[in-house]
Amino acid sequence: MIIPSVQNILATGMALTGLTSTMTKPHSVITKGKVLDFAVEECIDKDANQRCTKPFLVSKDTCYQLEWKTDGTLTHTTAEVRDAGSDEIVYYRDTNGEWTPEKGELVYIDFKPKVPATGNSTVYYKVYTCE
């Protein structure tokens, strides 16, 4: 008969609750901040307002969590992840969630307003690695 030690019991409990993965591999924040939505389709508009994130590097087969919130009572924005060199959309998302790029590249995100007659709202965003 094997009698488990306190260390074995704690290790098993941590593994079952997922504490070991968060203790040994914390989320890495890749980028965060605030921008105006992409109602004016330029990263820097004529009034010098920033309307897309600064470019950041993503790695192939790495999971990223995208989160954003748009100010306003009746607003909805979608995230468009674009290649920083070509401006082509490489990923599109309507709600917070995960994205795993198929290749490593330099990207940025714009947040397109989707409710008619809205726009020029502040978007708070955060991109970090998944667990």
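Structure data summary
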item	result
Pair list, Cβ under 6 Å, 6 or more apart: the range 84-110 residue more than 17 Å from PHE38 (Cα to Cα) and open to solvent by less than 60 Å² (accessible area, probe 1.4 Å), other residue aromatic (Phe, Trp, Tyr) and modelled with pLDDT of 95 or more	TRP99/TYR64; TRP99/TYR91
Check on GLY119, touching an Asp or Glu at 6+ places or on another chain (Cβ under 8 Å) and small (Gly, Ala, Ser)	yes
Residue match in the range 91-106 (condition: among the β-branched types (Val, Ile, Thr) and in contact with a strand residue (DSSP E or B) (Cβ under 6 Å, 6 or more places away or on another chain))	no
Of all residues making up the range 48-83, the number that are among the charged types (D, E, K, R) and either out of contact with any strand residue (DSSP E or B) (no Cβ under 8 Å at 6 or more places or on another chain) or free of Cβ contacts under 8 Å to residues at least 24 places away in the same chain (or both)	2
Filtered residues of the range 111-131 (kept if closer than 15 Å to LYS32 by Cβ and not hydroxyl-bearing (Ser, Thr, Tyr))	PHE111, VAL123, LYS126, VAL127
Residue list for the range 59-91, restricted to those being farther than 27 Å from VAL115 by Cβ and within 11 Å of the chain's Cα centre (by Cα)	CYS63
Every residue from the range 49-83 that is open to solvent by 80 Å² or more (accessible area, probe 1.4 Å), under 17 Å from THR129 (Cβ atoms) and in contact with a Ser or Thr (Cβ under 8 Å, 6 or more places away or on another chain)	ASP61
Count of residues meeting criterion [open to solvent by 80 Å² or more (accessible area, probe 1.4 Å), modelled with pLDDT under 95 and in contact with a strand residue (DSSP E or B) (Cβ under 7 Å, 6 or more places away or on another chain)] in the range 111-128	2
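The values are calculated or read from the model by the stated rules, or taken from the named source; none is laboratory data. What you see is a predicted model, and the numbers here were worked out from it, not measured in a lab. When we count neighbours, we look across all protein chains shown, and the Cβ atoms used for this are built from the backbone with ideal geometry, even at glycine. We work out accessible area using only protein heavy atoms, side chains counted, and drop any ligands, DNA or RNA first. Shrake-Rupley method; radii C 1.70, N 1.55, O 1.52, S 1.80 Å.
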